[in-house]
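Remarks on the structure that follows.
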Amino acid sequence: MPVDSQLHRVSARALAGRVRAGELSALELAEAMCKRVALLEPMLNAFSDFDPDVPLAIARDVDRRLAAGESLPLAGVPFTVKDNLWLAGRPATFGSRLFADFVAPRDSWCVARLRALGGVPLGVTNCSEFACKGITTTPLHGSTRNPWDLQRTPGGSSGGAVAAVASGLGPIALATDAGGSTRRPAAHTGLVGMKPTLGRVPNPWGFDDPNHLLSVIGQIGRNVEDVAWMLDLLTAWEPADPLSCPAFAVADAMASLKQPLPMSKMRLAYSPGLGCDLAIDDDVRATLDAAIARLCAAGWAIERADPAWPPQEREYPLIELQQASLAQLFGSTWQCKPELFDPDIGAQIELGRSITGPRIAELLRLRERQHASLQALFERYDALLCPVSPVEAWPLALSSPPLIGGQPAGPRGHAAFTPLFNYTSVPAISLPCGSGRCGLPVGLQIAGPRFSDARVLQLAWHAEQVLGCSMASPLM
């Protein structure tokens, strides 16, 4: 029987169903994906490591397990692994020359979990050095390109992950998100990107993360249902991870995903400036406003309301924590061998070396006040809607857009709408809601209180039905 030439368009859940039903073997699916990687990777540069022998061997084993009667929910589904996570026996570089020769000694927890459930890792995707930049360009691996426009960035740090999914190189991807690294690239490529509550997906071993107390394992897919399913499969309590707890033992996202919501009784806030008067391009704002208007027309009760943040709030208020951690982890190597580093990372390390202990304590106190501020909003509203990024994807040659909203922008102005939800440990999701003046995707962000991951996903699924913005890149 010939293999369907449109497999790259099929959802993760549907692919698993076809493999479990025997309509398609895991090996046939892996072979189709490997051929597609060989075709598109030269123009995308999405992967830091791809060897077709790896997914093909794992797919053969999945077929053997299925034949032996094993129950595999994720049977044969290809997924990619971000380069700050580990795929056992394969190069894991963290986007850095420091780890150019490092080979992962084991799978990261999330990789092992998906493999145990029958998933097939397709390869390792590019990320910025130490996952600490908003683009995906490194001295070690070069620049990853956006499938919507190969002269533009997909964003970062999970640029390789979204470039793969948006071009049909696997339906889902494992990523990380410490300040928007899953949600913003998803928004720039017309995908769905989820940042769950801190600790919901265990991450007990791997690289030392400069943003350990902010970073989560993110889920990327082409629709909300695949992302919700992926999150449920990854939800667990793992005592080896100090951020994990028994509250995460129940996977609840899919159970309520498509259930009706009393939208007229839901209390929803829309904050286009996120209470910080953040700059946003006029066309992006217009696209978001139009999406909110469509939701209201469908019966959603949405009010304009802003979180009342502490006075110190600005576009990336706790960035010094990342800089100080980079200095602690890599400062001595930077001093001896600066040529090994992305110059932008070196600049962050230099800034981090001057940050004092009292300043770190001050920032941690600020994080506590940020949590209290957002919780005060959630006492009045069930969820908060806001932009993901204030701009469309920008040219590949630029590290950040120089103007936002017609005004000069700082290096992190494009990233200002996402990190506050990391600082407060709450779930947040990006889903496509239309396009801007360049015809490139724009994302709507939905955030809720801690542990309300299922409700955030439920709102996102219902919004997806109303907005109907399933966006396929030109490479699909």
Could you tell me which residue of segment 435-451 is most open to solvent (accessible area, probe 1.4 Å), considering only residues that are farther than 14 Å from Ile280 by Cβ and assigned to a strand (DSSP E or B)?
Ser435
For Pro121, only one of the following conditions fails: (1) more than 20 Å from the chain's Cα centre (by Cα); (2) open to solvent by less than 10 Å² (accessible area, probe 1.4 Å); (3) not basic (Lys, Arg). What is its number?
(1)
How many residues are over 20 Å from Gly179 (Cα atoms) and not polar (S, T, N, Q) if we restrict to segment 343-354?
3
In this structure, does Gly179 turn out to be buried (at least 24 other Cβ atoms within 10 Å of the Cβ), in contact with a Leu (Cβ under 9 Å, 6 or more places away or on another chain) and on the phi > 0 side of the Ramachandran plot?
no
Filter segment 288-307 for residues that are closer than 18 Å to Thr418 by Cα and either touching a Cys at 6+ places or on another chain (Cβ under 6 Å) or in a helix (DSSP H, G or I) (or both) and give the result.
Leu288
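Looking only at segment 291-322, how many residues end up being open to solvent by 50 Å² or more (accessible area, probe 1.4 Å) and hydrophobic (A, V, I, L, M, F, W, C)?
Here the count works out to 5.
Listed here are the residues, each with its yes/no results for (1) in contact (Cβ under 8 Å) with a residue 12 or more places away in the chain; (2) touching a Pro at 6+ places or on another chain (Cβ under 7 Å); (3) open to solvent by 10 Å² or more (accessible area, probe 1.4 Å); (4) not in a helix (DSSP H, G or I).
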| position | (1), (2), (3), (4) |
| --- | --- |
| His8 | yes, no, yes, no |
| Ala14 | no, no, yes, no |
| Leu27 | yes, no, yes, no |
| Arg36 | yes, no, yes, no |
| Arg60 | yes, no, yes, no |
| Arg65 | yes, no, yes, no |
| Gly69 | no, no, yes, yes |
Taking first residues from segment 246-272 that are closer than 17 Å to Leu457 by Cβ and second residues anywhere that are open to solvent by less than 70 Å² (accessible area, probe 1.4 Å) and basic (Lys, Arg), the pairs with Cβ under 7 Å that are 6 or more apart or on different chains are Phe248/Arg200
Per the filter on segment 391-415, residues in contact with a helix residue (DSSP H, G or I) (Cβ under 6 Å, 6 or more places away or on another chain) and under 18 Å from Arg183 (Cα atoms) are Val391, Ala393, Ser400, Pro401
Please go through segment 368-398 and pick out each residue that is buried (at least 19 other Cβ atoms within 10 Å of the Cβ) and either part of a helix (DSSP H, G or I) or of a type in the set (Gly, Ala, Ser) (or both).
Gln370, Leu374, Leu377, Phe378, Ala383, Ser389, Ala393
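The values are calculated or read from the model by the stated rules, or taken from the named source; none is laboratory data. Small disclaimer: the values here were computed from a predicted structure and weren't measured. Ideal geometry is used to build each Cβ from the backbone, glycine not excepted, and the neighbour counts take in all protein chains shown. Areas reflect the complete protein model, heavy atoms only, side chains present, ligands, DNA and RNA absent. Shrake-Rupley method; radii C 1.70, N 1.55, O 1.52, S 1.80 Å.
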